[in-house]
1. Which aspartates and glutamates have a Cα less than 15 Å from the Cα of LYS126, not counting those fewer than 8 places away in the same chain?
2. When the chain is modelled as a GNM with alpha-carbon springs shorter than 10 Å, which of VAL93, VAL248, VAL296 fluctuates the most?
3. Given a cut-off of under 8 Å on Cα pairs at least six residues apart, what relative contact order in percent is computed for segment 123-176?
4. Where both residues lie in the chain, what percent of DSSP beta bridges are antiparallel, nearest 5?
5. Scattering from the C-alpha atoms of segment 314-372 alone, worked out with Debye: what is log10 I(q)/I(0) at q = 0.14, 0.19, 0.25 1/Å?
6. Find the relative contact order for the chain and round it to a whole percent, using C-alpha pairs within less than 8 Å whose residues are 6+ positions apart.
7. Normalised by the residues of segment 90-165, what does the relative contact order come to in percent, with Cα pairs under 8 Å and at least six apart?
8. Identify which of SER196, SER28, SER334 has the largest mean-square fluctuation in a Gaussian network model of the chain, with springs joining Cα atoms closer than 10 Å.
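Nothing in this text is a laboratory measurement; each read-out follows from the coordinates by a stated rule. Keep in mind that this is a model prediction, so the values were computed, not measured. Note: ideal-geometry Cβ built from the backbone for every residue, glycine included; neighbour counts use all protein chains shown.
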Amino acid sequence: MRVLHLAFEDHLRPGSGGGSLRNREVNSRLAALGHQIEVIAANYPGACSRTEDGVSYRHFGLPYGYAPSLLSHQLCLPAIVHAVVRRRHPDVVVEEFAPLTSSLGVGHWTRTPTVGVAQGFFAEEKARQYGLPPRLLLGVQSWGTRSHRHLVAVSEDVRRQLLSVAPRAEVAVVANGVDCAAAEAARRSAPPRTGSQMLFLGRFEVHQKGLDVLIEAVRQVSAGVRLLLAGDGKDRERVRGLVQTAGVEDRVELVGPVRGEAKWRLIAQSDLLVQPSRYETFGISVLEAMACGTPVVTSDLPCLRELLPPAAGVRVPAGDPGALAEAINAVMASPDRRSSMEQAGPTLAGRYDWDAIARAQAAVYARAVEEV
């Protein structure tokens, strides 16, 4: 198949999230199977058109900051889709849902079969975060979602949300995945854990990821336990300010973005992964920690209930630094409990294989094409 993938975020963009990781893993596997994949992403400083792992990447929009980049890219999309469809004649156009309104209604713009890929629904949370009219954003989100006959959801919770506004759509649950081989190699080579290091791994976006909650919780965590903040994003300097305001500079280290083997080593060496998000659509870093046998403390959110059973971690109410600190202290103080979680995680994560996920997503594309 010839696939035009409207992926708003390039995985090489600093601060990119789990959705861009998924796109890279799935698209590279589809290219290896002989499919022609062209990715159109938002522009950013340093972006360059390229072919990587058989996948073509191009960028449109203003290369200035997160919001101008994304909004200008979205304004360009109708013209881009029209031009690319006219010249390249793709078999299917894939729209990755993105802030602010999730779908932009790509299925309304073209007669080419379309598939919407939803990490989650963003309109309500983004309206609350930025003080925007919720009815307007929710209306655009519903209108756009209904433009697709075929949808991919990364969890059952997301599938329920999609069907609530597009009940006639065919919605397939195709989860995110994990590189189990890389996780196992890091786990086998990691030094013994000491019970003194916890890790946050993800995008530096304070509101969604609950980084303010985490930094406040550090003040209540037992002495001798330090926090590594690994990642990047638009709120990097704000995170530094929160650390200074909380007076925990001696216990918190910002290690910057980590990728590849360095990322897997860092996860495997940590005693605990902490993911205190206020909302999530899947939680790839939680899955990566499970694959490395690293215990997890995270927020009690619907998608994380699907992903993380009590055998591999602890869930606490979102936005509660006291409950978060209490859970961290309890896990860190119990070597036996950590050992049990370390053993359970890799087996549970083994169900999320990227090769199978890529084949399942390709099957959705094929159904959309065959239906036409």
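1. Straight-line reach from LYS126, under 15 Å: GLU205, GLU280.
2. VAL248
3. Values: 58 pairs, mean separation 16.6, N = 54.
The normalised contact order for segment 123-176 reaches 31 percent.
4. Numbers: 4 of 50 bridges.
That works out to approximately 10 percent antiparallel.
5. -0.65, -0.80, -0.99
6. Details: 762 pairs, mean separation 58.7, N = 372.
The value is 16 percent.
7. Details: 133 pairs, mean separation 26.3, N = 76.
Relative contact order for segment 90-165 comes out at 35 percent.
8. Of SER196, SER28, SER334, the Gaussian network model singles out SER334 as fluctuating most.
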